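What follows is a set of notes on a single structure, which appears directly below.
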Amino acid sequence: MESAHDSVRYPMNQTRNPARILVVEDDFASRALLVSHFEKEGYLVSETDQADDLCNRVREEQIDLVLLDINLPGRDGLTLTRELRANSLVGIILVTSKDDEIDRIVGLELGADDYVTKPFNPRELLVRAKNLLWRIGSGSHSPAQTEAPQTPAWSFENWLLDPQKRQLIGPDGHAERLPEGEFKLLRALVTRPGQVLSRDQLMDAIHDREWTPNDRSVDVLIGRLRRKLGDNPSNPQLILTAHGAGYMFAGYVNR
């Protein structure tokens, strides 16, 4: 019998150049549910219950999106997230339990694009996956994809934020695709320059889900953005902290 580690499933409704999704989950029932839902939508689905050589597998199979259980035995999902992000731009959605709040925050900090909690709504997960695939440039592989309107890029202080490719382009021309949370947060800030945005407002901007008052995702992502923008956290010039109120973008934005 074929093991989960070696299993590759082909779409039930074959589409042209479907996106490739890898499900990394050691629980058979959860893995089978994920595989079934994405197969029905016409995606090419691989599955594994192990984390061995994951980076090579993503590269060799040209995986577009990894659904990664955060509580794998042995090498956990956070370690794998760090390795995947260091070696590729593959989309990463973490699958976590409800009591993994700290791990979810760390996962975002390490470069995961999104997360879902068990028990998850399959339709919600499918929407998240489709949106992420479009953001990372795999939209042409996605079933039933419609053309999205073009949105102009934001230019600020010799930086460029490209909303189509979700790229941050530096003064030296280096381009980096931002994880979903970082992109949404930076977009919220640059579209309201000079305006203090509360943590509640920023949480609403980056999470299309319910969140708890003690969720520190915003602070974690602010720290990541400051590092990428070369904005000294001890004396920031672009993303300012309004103590007790929130954050403000202080750069000049040109559209």
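What to note about this one:
- Condition broken by residue 103, with the remaining ones in (1) within 18 Å of residue 21 (Cβ to Cβ); (2) touching a strand residue (DSSP E or B) at 6+ places or on another chain (Cβ under 9 Å) satisfied: (1)
- Filter result (buried (at least 23 other Cβ atoms within 10 Å of the Cβ) and of a type outside the set (D, E, K, R)) within the stretch 59-69: 65, 66, 67, 68
- Top-ranked residue of the stretch 99-119 - restricted to ones that are part of a helix (DSSP H, G or I) and not hydrophobic (A, V, I, L, M, F, W, C), ranked as surrounded by the most Cβ atoms within 10 Å (Cβ to Cβ): 107
- Residues that are surrounded by fewer than 21 Cβ atoms within 10 Å (Cβ to Cβ), closer than 19 Å to residue 113 by Cβ and among the charged types (D, E, K, R) do not occur anywhere in the stretch 30-40.
- Residue within the stretch 222-229 that is surrounded by fewer than 18 Cβ atoms within 10 Å (Cβ to Cβ), under 16 Å from residue 107 (Cβ atoms) and at pLDDT below 85 present: no
- Checked against the criterion of being at pLDDT below 80, touching a Ser or Thr at 6+ places or on another chain (Cβ under 6 Å) and not aromatic (Phe, Trp, Tyr), the candidates 135, 104 yield just one match: 104.
- Looking only at the stretch 47-58, and only at residues there that are surrounded by 18 or more Cβ atoms within 10 Å (Cβ to Cβ) and over 19 Å from residue 85 (Cβ atoms), the one that is farthest from the chain's Cα centre (by Cα): 49
The values are calculated or read from the model by the stated rules, or taken from the named source; none is laboratory data. Predicted model, so just to flag it, every value in this text is computed and none were measured. Here the Cβ is made from the backbone with ideal geometry for all residues, glycine too, and neighbour counts use every protein chain on show.
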